[in-house]
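The block underneath contains the structure these notes are about, expressed in structure tokens.
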Amino acid sequence: QVRLVESGGGLVQPGGSLRLSCAASPSIFSIFAVVWYRQAPGKQRELVAGITSGGSTNYADSVKGRFTISRDNAKNTVYLQMNSLKPEDTAVYFCNVDLEVTGLRPLGVWGQGTQVIVSS
């Protein structure tokens, strides 16, 4: 079983920033792409951003230019820096791993995710 741990969510005002973290084992970090997803109430889970072990990235159009995905090799952690947050970014955010940065076939066990609420 492949498990990852999400953290960093919280309540922020519109226009604010937040950084999410996704921790994985060294072997997982080195082999697979890591992909962030989110699920809002009443909606399907959607891809937000992905990054390969080599650093190639992919973003949903809705977050392009506002969110940045990155990785810290020493800490085996992938980050999602979220700037200029909007109320429509409110969702539970999950990370998972895949062979492809497109994240169409997540391979790990879904965790609890981390809640992001953007509201005044």
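Scanning segment 32-76 for residues that are small (Gly, Ala, Ser), touching a Ser or Thr at 6+ places or on another chain (Cβ under 8 Å) and farther than 15 Å from Glu100 by Cα yields one hit, Ala40.
Considering only segment 89-120, how many residues are in contact (Cβ under 8 Å) with a residue 24 or more places away in the chain and either more than 20 Å from Thr57 (Cα to Cα) or in contact with a Ser or Thr (Cβ under 6 Å, 6 or more places away or on another chain) (or both)? Total satisfying the criteria: 16.
Residue selection: Gln115 satisfies the criterion of being within 15 Å of Val5 (Cβ to Cβ), surrounded by fewer than 16 Cβ atoms within 10 Å (Cβ to Cβ) and in contact with a Leu (Cβ under 9 Å, 6 or more places away or on another chain). Taking the criterion of being more than 23 Å from Ala74 (Cβ to Cβ) and either touching a Pro at 6+ places or on another chain (Cβ under 7 Å) or among the acidic types (Asp, Glu) (or both), the only residue of segment 4-28 that qualifies is Pro14.
Is it the case that Val101 is surrounded by fewer than 14 Cβ atoms within 10 Å (Cβ to Cβ), in contact with a Gly (Cβ under 7 Å, 6 or more places away or on another chain) and among the hydrophobic types (A, V, I, L, M, F, W, C)? For Val101, the condition - surrounded by fewer than 14 Cβ atoms within 10 Å (Cβ to Cβ), in contact with a Gly (Cβ under 7 Å, 6 or more places away or on another chain) and among the hydrophobic types (A, V, I, L, M, F, W, C) - is not met.
Per-residue answers, yes or no, for (1) modelled with pLDDT under 95; (2) open to solvent by 20 Å² or more (accessible area, probe 1.4 Å):
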| position | (1), (2) |
| --- | --- |
| Arg3 | yes, yes |
| Pro26 | yes, yes |
| Trp36 | no, no |
| Ala40 | no, yes |
| Ile69 | no, no |
| Tyr79 | no, yes |
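Can you name every residue in segment 42-71 that is among the charged types (D, E, K, R) and over 14 Å from the mean Cα position of the chain (by Cα)? Of everything in segment 42-71, those that are among the charged types (D, E, K, R) and over 14 Å from the mean Cα position of the chain (by Cα) turn out to be Lys43, Asp61.
Taking segment 81-98, which residues are under 25 Å from Pro14 (Cβ atoms) and either open to solvent by less than 30 Å² (accessible area, probe 1.4 Å) or of a type in the set (A, V, I, L, M, F, W, C) (or both)? Result: Met82, Leu85, Asp89, Ala91, Val92, Tyr93, Phe94, Cys95.
The values are calculated or read from the model by the stated rules, or taken from the named source; none is laboratory data. All values derive from a computational prediction rather than experimental measurement. Note that we place each Cβ from the backbone using ideal geometry, even for glycine, and neighbour counts take in every protein chain shown. Just so you know, the surface numbers come from the protein's heavy atoms only, side chains and all, with ligands and any DNA or RNA stripped out. Shrake-Rupley method; radii C 1.70, N 1.55, O 1.52, S 1.80 Å.
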